Amino acid sequence: MGFLMSVLSGFLLAMVFSVSNGDPLVPALCIFGDSVVDVGNNNNLSTLIKANFPPYGRDFVNHKPTGRFCNGKLATDYTAEYLGFTSYPPAYLSREARGKKVLTGVNFASAASGYYERTARLFRALTLTRQLKYYKLWQRKVVNLVGRTNATNIFSRGIHILSAGSSDFMQNYYINPLLNRVYSPAQFSDILMKSYSTFVQNLYDLGARRIGVTTLPPTGCLPAAVTLFGRGTNECVAKLNKDAISFNKKLNRTSEKLKSKLPGIKLVVFDIYQPLFDLIIKPAESGFFESRKACCGTGTLETSFLCNARSIGTCSNATNYVFWDGFHPSQSANEKLAQSLLEQGFDLIS
């Protein structure tokens, strides 16, 4: 109950402060990473990993698919709302990312991307290196619009969120013998940590000072993971969750090292694992009915093009489901997760 009250009080404080001032709590919100936070960049790429068709987006504001891997809003959409923004950071490759609209931040995320460059290349997604190059181009646009001094303030005070790692494991390592026969999960995690450190260092060198990174979720509990690796059971795959926990510990340790060597940086590790795990293990406590199967199709494996308007069995009311498709939370679950993120991330707005 104490944790819940902390979340709610934090949420209310942020909202009251934002509304009373009429401006967002921070000047910009920039987002990097994978399908958990992609809002449509993959729509403009020659990749099969897309979500720009029904039933994706059926519960979104305009009830149309946008490229979000969800029936509605992502956790980062709620985050933008909580911070006081009146619109969501547009996908950098979209037509919406034009003119003054980019001043409050842009979304560079690409579904199937990850810390491991070859993960993104495997699916023709944007690597983190490419996302960072687009970020540099965005910075030039901001400088041209408001001048160097104001732009520097936007870069340093703006929040930068990174969500990656899940695709590296779920869509590459676990199903790729060229990786899992060469590297142990721990060794692969070490490779990903080097990429993470380099990415944060590069962001810092470009003037970013407020950075939030999400942990891995309980990957062994994703409906698709249970189907693929659960050996016929309906339970979370313990080994995958163990790997995720180990990765998350390394992420925290690596982040502490980065904070110690990068003066002035505010680097927050957002724990996604425990809040989502709680929703999965104790769904009824948060108002959910189903946490083992997803809403779309059979609820066991479907994602991207496998989750489509003809998928047989798609639920009529996704609010009862923790998962929308085999890999991604529903809008209702994302709202719960965003509330947790807000409580954890006050250092980024203070």
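Below are the figures for this structure:
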read-out	value
Qualifying residue in the stretch 126-140 (condition: over 23 Å from residue 271 (Cα atoms), of a type outside the set (Phe, Trp, Tyr), surrounded by 24 or more Cβ atoms within 10 Å (Cβ to Cβ) and without any contact (Cβ under 8 Å) to a residue 60 or more places away in the chain)	no
The stretch 204-219, residues that are crowded, with 22+ Cβ neighbours inside 10 Å and either assigned to a helix (DSSP H, G or I) or modelled with pLDDT under 95 (or both)	219
Enumeration of residues in the stretch 302-345 that are in a strand (DSSP E or B) and free of Cβ contacts under 8 Å to residues at least 60 places away in the same chain	321
Residue that is nearest to residue 167 (Cα to Cα) [pool: residues in the stretch 225-238 that are surrounded by fewer than 22 Cβ atoms within 10 Å (Cβ to Cβ) and in contact (Cβ under 8 Å) with a residue 60 or more places away in the chain]	228
Residue within the stretch 190-202 that is at pLDDT 95 or above, surrounded by 14 or more Cβ atoms within 10 Å (Cβ to Cβ), part of a helix (DSSP H, G or I) and of a type in the set (Phe, Trp, Tyr) present	yes
Test result for residue 276, closer than 30 Å to residue 197 by Cβ, aliphatic (A, V, I, L, M) and in contact with a Phe, Trp or Tyr (Cβ under 9 Å, 6 or more places away or on another chain)	no
Leading residue by the ranking (nearest to residue 340 (Cα to Cα)) among those in the stretch 59-79 that are of a type in the set (D, E, K, R) and without any contact (Cβ under 8 Å) to a residue 60 or more places away in the chain	68
Matching entry among 267, 276 (being part of a strand (DSSP E or B) and either free of Cβ contacts under 8 Å to residues at least 12 places away in the same chain or under 21 Å from the mean Cα position of the chain (by Cα) (or both))	267
Odd one out for residue 304 among (1) of a type outside the set (A, V, I, L, M, F, W, C); (2) under 22 Å from residue 123 (Cα atoms); (3) in contact with a Pro (Cβ under 8 Å, 6 or more places away or on another chain)	(3)
Candidates 346, 305, filtered to the one that is within 27 Å of residue 47 (Cβ to Cβ), among the aromatic types (Phe, Trp, Tyr), surrounded by fewer than 22 Cβ atoms within 10 Å (Cβ to Cβ) and modelled with pLDDT under 95	305
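The values are calculated or read from the model by the stated rules, or taken from the named source; none is laboratory data. Everything numeric here is computed off the predicted structure, so don't read it as measured data. No Cβ is skipped: glycine too gets one built from the backbone with ideal geometry, and neighbour counts run over all protein chains shown.
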